[in-house]
Amino acid sequence: MALDHATTIEAYSDPQVAQRYARDYSLFWRDFPNEIFTDFAEGIPQGSEVLNVGSGPGYESERLRELGLRVVCFDASAPMLEMTRERGFESIQGDFMNFPDFGRRFAGIWAFTSIGTHLPHRMLPHVLRQIRGFTTGDAVLAVGVLQSRARGRRKVGGISRTYGDERLISYYTEGEILDILSRCAYEPQATYQHDYFGHQYLTAIANKF
């Protein structure tokens with residue numbers, strides 16, 4: 001599985017792939033349910049720092065900044081971080097399998113289709129526990145995943161070649177995400193579901209305890 005994670009990073013590190021992704025997903029974030037942003041921000045004091053894990057080109061970071069949060073972007077892709085720097089964000093390159101020492105604690109973590117999408121299922125609890133080490137005691141966490149709704153034989157993962165190189169894609173049911181959050185000492189507060197071009201997305205907001 002480590003190879004899958006490495007090839008995911010490699011795919012997004014191609015400048016042409018990053019530009020295509022940024023173009024395609026500008027519409028996705030334009031149509032993203034605003035209540036998810038507002039509910040996430042509502043639990044965080046104005047002016048607090050939040051970390052966008054797997055920030056991509058920074059569209060959601062802009063939405064969070066508009067809500068009064070100071071967003072730090074974290075991504076493995078250098079071309080993506082060039083875009084977030086151009087948008088005026090502090091941008092840190094790294095791998096969420098092994099977070100660096102940020103030298104601070106964040107009041108919120110926004111992780112949409114990053115840690116819950118491009119890692120094998122077994123690794124998500126490990127990453128969530130790492131996150132506890134650089135967040136405040138009452139931090140708010142938002143995790144977005146691709147949702148599996150199939151009955152019977154459920155789709156649990158696969159390889160996407162949408163952008164040329166292979167990318168690992170994991171899927172979760174709502175129950176799985178809520179169970180993982182609880183086991184990692186996060187208290188789920190709300191879940192949100194929305195569809196976009198045939199894909200089902202699930203976002204869970206939780207509080208650290």
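Given the criteria hydrophobic (A, V, I, L, M, F, W, C), assigned to a loop (DSSP other than H, G, I, E, B) and either in contact (Cβ under 8 Å) with a residue 24 or more places away in the chain or closer than 17 Å to A139 by Cβ (or both), does F40 qualify? So F40 does not fit the description; no. Inside the stretch 41-68, residues that are over 13 Å from the mean Cα position of the chain (by Cα) and either among the charged types (D, E, K, R) or under 14 Å from T135 (Cβ atoms) (or both) make up a count of 10.
One residue stands out in the stretch 97-132 among those that are at pLDDT 95 or above and small (G, A, S): the one that is farthest from the chain's Cα centre (by Cα), namely G103. Closer than 25 Å to I180 by Cα and either part of a helix (DSSP H, G or I) or in contact (Cβ under 8 Å) with a residue 12 or more places away in the chain (or both), is that true of D24? So D24 fails the test. The residue that is nearest to T38 (Cα to Cα), among those in the stretch 101-122 that are among the hydrophobic types (A, V, I, L, M, F, W, C) and touching a residue at least 60 places away in the same chain (Cβ under 8 Å), is W110. So which residues in the stretch 73-101 are surrounded by fewer than 16 Cβ atoms within 10 Å (Cβ to Cβ) and either part of a loop (DSSP other than H, G, I, E, B) or β-branched (V, I, T) (or both)? Passing the criteria: G88, G94, D95, N98, P100, D101.
The values are calculated or read from the model by the stated rules, or taken from the named source; none is laboratory data. None of the values given here were measured: they were computed from a predicted structure. Quick reminder, even Gly has a Cβ in these numbers, built from the backbone with ideal geometry, and neighbours come from all protein chains shown.
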